[in-house]
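Shown next, in structure tokens, is the structure this report addresses.
The values are calculated or read from the model by the stated rules, or taken from the named source; none is laboratory data. For clarity, every value in this text was computed on a predicted model and none was experimentally measured. Methodologically, a virtual Cβ is constructed for each residue, glycine included, from the backbone with ideal geometry; neighbour enumeration extends over all protein chains shown.
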Amino acid sequence: MHEIMSSIAANHTLQVSLLAWLIAQVLKVIFSIISVGKVDLTRLVGAGGMPSSHSALVMALAVSVGQDAGWDTPLFTVALVFAFVVMYDAAGVRRAAGKQAEAINQIINDIYRGEQISQERLKELIGHTPVEVLAGALLGIIIAFIL
């Protein structure tokens with residue numbers, strides 16, 4: 001079991017992918033400080049926002065696989081197609097769900113305006129704009145090439 005754990009910990013592709021994800025999450029905190037003016041550490045683990053950590057992770061994965069296994073291998077193709085599916089989901093389905101949450105929250109505000117009712121708000125920041133997805137993808141590519 002120790003050998004397996006050591007092998008996983010030494011996996012360059014995994015290291016690069018996780019580092020790209022971590023850098024994207026830290027950048028979300030920094031951008032939140034710049035845009036809102038306060039530290040929001042929930043951005044370290046939260047979905048949505050600039051840049052897309054999902055996109056950074058999967059593009060770092062695809063580029064690292066391409067570098068290690070070869071750009072013309074089926075393994076790189078699988079990693080790249082996987083990256084495209086994740087990025088499409090981030091910009092499409094999850095973004096639409098966030099817009100729906102925003103609309104539902106507005107309806108709740110309209111119904112209960114002026115009353116002292118505790119309202120649980122839906123999470124609105126679960127998807128990404130295409131720019132956020134592109135920024136995350138570029139971050140992943142850069143991190144993979146640097147490392």
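If you go through segment 104-125 and keep only what is at pLDDT 65 or above, surrounded by 11 or more Cβ atoms within 10 Å (Cβ to Cβ) and among the hydrophobic types (A, V, I, L, M, F, W, C), you end up with I104, I108.
Please enumerate the residues belonging to segment 89-101 that are part of a helix (DSSP H, G or I) and exposed (fewer than 15 other Cβ atoms within 10 Å of the Cβ).
Within segment 89-101, the subset part of a helix (DSSP H, G or I) is 89-91, 93-101.
Residues satisfying the conditions are V93, A96, K99, Q100.
Name the residue that is surrounded by the most Cβ atoms within 10 Å (Cβ to Cβ), counting only residues in segment 36-88 that are charged (D, E, K, R) and at pLDDT below 95. It would help to see each step written out before you state the result.
Of the residues in segment 36-88, the ones charged (D, E, K, R) are 38, 40, 43, 68, 72.
Within this subset, residues satisfying the condition of being at pLDDT below 95 are 38, 40, 43.
Working: K38: 7, D40: 13, R43: 22.
Within segment 36-88, the match that is surrounded by the most Cβ atoms within 10 Å (Cβ to Cβ) is R43.
When you scan segment 1-18, do you find a residue that is in a helix (DSSP H, G or I) and over 27 Å from A62 (Cβ atoms), even just one? Yes, segment 1-18 contains at least one residue that is in a helix (DSSP H, G or I) and over 27 Å from A62 (Cβ atoms). Looking only at residues in segment 126-147 that are of a type in the set (A, V, I, L, M) and in a loop (DSSP other than H, G, I, E, B), the one that is modelled with the highest pLDDT is L147. Just one residue in the set D72, D68 is acidic (D, E) and without any contact (Cβ under 8 Å) to a residue 24 or more places away in the chain; that residue is D72. Filtered by the rule that a residue be farther than 14 Å from S17 by Cα and under 15 Å from the mean Cα position of the chain (by Cα), segment 53-85 gives F84, V85.
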